[in-house]
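Undergrad: Sharing a structure, written as structure tokens. Questions coming.
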Amino acid sequence: MTLDAAFLTALLLSTLRQTAPVLLTALGGMFSERSGVVNIALEGILLFGALTAAVVVERLEAALGPGPHPWLPWVGVLAAMGVGGLVAFVHALVSIKYRADQIISATAINLLALGAPSLVLTYFYGNATSSKEVENRLPLWGPEGFQLSPLVYLAFLLVPLAWWVLFKTPFGLRLRAVGEHPEAADTLGVNVHRLRYTGVVLSGVLAGLAGAYLSIGFLNQFVRGMSAGMGFIALAAMIFGKWHPVGILFSTLLFGFASALAIQLQGSEVLPAVLVQAFPYVVTVLVLAGFIGKSRPPAAVGKPYEK
């Protein structure tokens, strides 16, 4: 393999790896906002999912003893999805039943995600920054030299599935209806609150899944702040993609490519190191500045509904 071919292959694989967690999180945010609930807590839910997966797998390893346990990382994935769904349910409860400001509720979750992991890490590991490394991380699938985590494949498979659910099923039609005109949907017998709960919890499950990928798929431990704003980038990708699964796919690939290119350029003299590290975030700002005014969100998003 030539140097150019090796560079392009590494860039492609890195793009797919960097895209997967943002894509999962953005698809989750799409379901929440299509139902009419803003969920900027995705950043915090990502961290809770990553923490849960790493701690659950490491604690089970300590209890079971040394040796390969190929089923263990999947337990961590399920636990992360469950915790993500639970945190999202709290946001849904406060936003839907008690009609609190959705931005404030989500911000509180994000702030909690900055402090709570330190308490958990201190309790289990005696430090506030990282968990122990896990031996049983998610496996890699694919041909030699082109192996990826199964969650990367799942992220891209969820795009056509999300499109089918959103636009070809009665559930998707009703979900879009309560996000556009909840009064009309309610008149037709649609349970607005139930669908909004479903959309928000689904967003938490997918963000928790993305967090599990970060801690036991991409790395093999939890590190405080490891999401590095990925939840907010997912929100930007969702807006850029116009709340549509296919649009979200292309926008997250853009951000994934920017992150992968920054990784490949590290250590080179093409750009200063600070600019290389900031490159994905600069792309995010430019995209938001150029396209946010051209995207039309669901008409009822962010507006509590009282029957």
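Undergrad: Test Leu12 against the criterion of being over 19 Å from the mean Cα position of the chain (by Cα), open to solvent by 40 Å² or more (accessible area, probe 1.4 Å) and either more than 21 Å from Gly231 (Cβ to Cβ) or not hydroxyl-bearing (Ser, Thr, Tyr) (or both), and give yes or no.
TA: Against the criterion (over 19 Å from the mean Cα position of the chain (by Cα), open to solvent by 40 Å² or more (accessible area, probe 1.4 Å) and either more than 21 Å from Gly231 (Cβ to Cβ) or not hydroxyl-bearing (Ser, Thr, Tyr) (or both)), Leu12 qualifies.
Undergrad: A further question follows. Considering each of Leu253, Leu202 in turn, give the residue that is at pLDDT 95 or above, within 21 Å of Pro150 (Cβ to Cβ) and open to solvent by 40 Å² or more (accessible area, probe 1.4 Å). Full working, then the answer.
TA: Numbers: Leu253 fails: at pLDDT 95 or above.
Criteria check complete, one pass: Leu202.
Undergrad: Would you point out the residue of the stretch 168-185, among those that are open to solvent by 60 Å² or more (accessible area, probe 1.4 Å) and among the hydrophobic types (A, V, I, L, M, F, W, C), that is farthest from Lys303 (Cα to Cα)?
TA: Phe171
Undergrad: Scanning for something within 24 Å of Ala260 (Cβ to Cβ) and small (Gly, Ala, Ser), does the stretch 198-207 turn up at least one residue? Give the derivation first.
TA: Within the stretch 198-207, the first condition is being within 24 Å of Ala260 (Cβ to Cβ), and the residues that meet it are 206-207.
Keeping just the survivors that are small (Gly, Ala, Ser) gives 207.
Taking every residue of the stretch 198-207 in turn, at least one turns out to be within 24 Å of Ala260 (Cβ to Cβ) and small (Gly, Ala, Ser).
Undergrad: I'm trying to understand the selection: among the residues of the stretch 78-113, which are touching a residue at least 40 places away in the same chain (Cβ under 8 Å) and open to solvent by 60 Å² or more (accessible area, probe 1.4 Å)?
TA: Hits for the stretch 78-113 are Leu86, Phe89, Lys97, Arg99, Ile103, Leu111, Leu112.
Undergrad: What is the one condition in (1) in contact with a strand residue (DSSP E or B) (Cβ under 9 Å, 6 or more places away or on another chain); (2) over 19 Å from Asn110 (Cα atoms); (3) at pLDDT 95 or above that Phe222 does not satisfy?
TA: Just one mismatch for Phe222, condition (2).
Undergrad: Of Leu188, Leu140, which residue is out of contact with any Phe, Trp or Tyr (no Cβ under 9 Å at 6 or more places or on another chain), open to solvent by 40 Å² or more (accessible area, probe 1.4 Å) and within 22 Å of Ala20 (Cα to Cα)? Before you say what the answer is, go through the steps one by one.
TA: Working: Leu188 fails: within 22 Å of Ala20 (Cα to Cα).
Going through Leu188, Leu140 in turn, just one is out of contact with any Phe, Trp or Tyr (no Cβ under 9 Å at 6 or more places or on another chain), open to solvent by 40 Å² or more (accessible area, probe 1.4 Å) and within 22 Å of Ala20 (Cα to Cα): Leu140.
Undergrad: Any idea which of Arg194, Arg224 is open to solvent by 30 Å² or more (accessible area, probe 1.4 Å), over 18 Å from the mean Cα position of the chain (by Cα) and closer than 23 Å to Leu86 by Cβ? Walk me through how you get there before you give the answer.
TA: Details: Arg224 fails: over 18 Å from the mean Cα position of the chain (by Cα).
That would be Arg194, the only listed residue that is open to solvent by 30 Å² or more (accessible area, probe 1.4 Å), over 18 Å from the mean Cα position of the chain (by Cα) and closer than 23 Å to Leu86 by Cβ.
Undergrad: Given the conditions (1) in contact with a helix residue (DSSP H, G or I) (Cβ under 9 Å, 6 or more places away or on another chain); (2) without any contact (Cβ under 8 Å) to a residue 40 or more places away in the chain; (3) over 21 Å from Leu42 (Cα atoms); (4) not hydrophobic (A, V, I, L, M, F, W, C), and given that Gly189 satisfies all but one, which numbered condition is not satisfied?
TA: Of (1) in contact with a helix residue (DSSP H, G or I) (Cβ under 9 Å, 6 or more places away or on another chain); (2) without any contact (Cβ under 8 Å) to a residue 40 or more places away in the chain; (3) over 21 Å from Leu42 (Cα atoms); (4) not hydrophobic (A, V, I, L, M, F, W, C), only one is false for Gly189: (1).
Undergrad: Of the residues that sit in the stretch 137-156 and are free of Cβ contacts under 8 Å to residues at least 60 places away in the same chain and part of a loop (DSSP other than H, G, I, E, B), which one is nearest to His69 (Cα to Cα)?
TA: Among those that are free of Cβ contacts under 8 Å to residues at least 60 places away in the same chain and part of a loop (DSSP other than H, G, I, E, B), it is Leu140.
Undergrad: Please determine, by comparing only the residues of the stretch 117-135 that are farther than 30 Å from Pro70 by Cβ and of a type in the set (A, V, I, L, M), which one is most open to solvent (accessible area, probe 1.4 Å).
TA: So the first thing to find is which residues in the stretch 117-135 are farther than 30 Å from Pro70 by Cβ, and the list is 118-119, 122, 128.
Checking the rest, the ones that are also of a type in the set (A, V, I, L, M) come to 119, 128.
On the way: Leu119: 132, Ala128: 36 Å².
Among them, the one singled out is Leu119.
Undergrad: Mind telling me which of the residues Ala41, Ala50 ends up being touching a residue at least 12 places away in the same chain (Cβ under 8 Å), more than 22 Å from Gly172 (Cα to Cα) and in contact with a strand residue (DSSP E or B) (Cβ under 9 Å, 6 or more places away or on another chain)? Lay out the reasoning, then the answer.
TA: Details: Ala41 fails: in contact with a strand residue (DSSP E or B) (Cβ under 9 Å, 6 or more places away or on another chain).
Of Ala41, Ala50, the one residue that is touching a residue at least 12 places away in the same chain (Cβ under 8 Å), more than 22 Å from Gly172 (Cα to Cα) and in contact with a strand residue (DSSP E or B) (Cβ under 9 Å, 6 or more places away or on another chain) is Ala50.
Undergrad: Can you tell me which residue in the stretch 57-77 is nearest to the chain's Cα centre (by Cα), limited to those that are surrounded by 23 or more Cβ atoms within 10 Å (Cβ to Cβ) and within 22 Å of Gly204 (Cβ to Cβ)? Quick ask: steps written out before the conclusion?
TA: Restricting attention to the stretch 57-77, the residues satisfying the condition of being surrounded by 23 or more Cβ atoms within 10 Å (Cβ to Cβ) are 57-58, 73, 76-77.
Okay, now just the ones that are also within 22 Å of Gly204 (Cβ to Cβ), so 57, 73, 76-77.
Details: Val57: 20, Pro73: 18, Gly76: 16, Val77: 13 Å.
It comes out as Val77.
Undergrad: So which residues in the stretch 179-229 are more than 28 Å from Lys307 (Cβ to Cβ), of a type outside the set (Val, Ile, Thr) and outside any helix (DSSP H, G or I)?
TA: Once the filter is applied, which keeps residues that are more than 28 Å from Lys307 (Cβ to Cβ), of a type outside the set (Val, Ile, Thr) and outside any helix (DSSP H, G or I), the stretch 179-229 yields Leu219, Asn220, Gln221, Phe222, Arg224, Gly225, Met226, Ser227, Ala228, Gly229.
Undergrad: Also: From (1) outside any helix (DSSP H, G or I); (2) modelled with pLDDT of 95 or more, pick out the condition that doesn't hold for Val134.
TA: Of the numbered conditions (1) outside any helix (DSSP H, G or I); (2) modelled with pLDDT of 95 or more, the odd one out for Val134 is (2).
The values are calculated or read from the model by the stated rules, or taken from the named source; none is laboratory data. Quick caveat, the model's predicted, so the values are computed rather than measured. Here Cβ is always computed from backbone atoms with ideal geometry, including for glycine, and neighbour counts include all displayed protein chains. The area values use the complete protein model at the heavy-atom level, side chains included, leaving out ligands, DNA and RNA. Shrake-Rupley method; radii C 1.70, N 1.55, O 1.52, S 1.80 Å.
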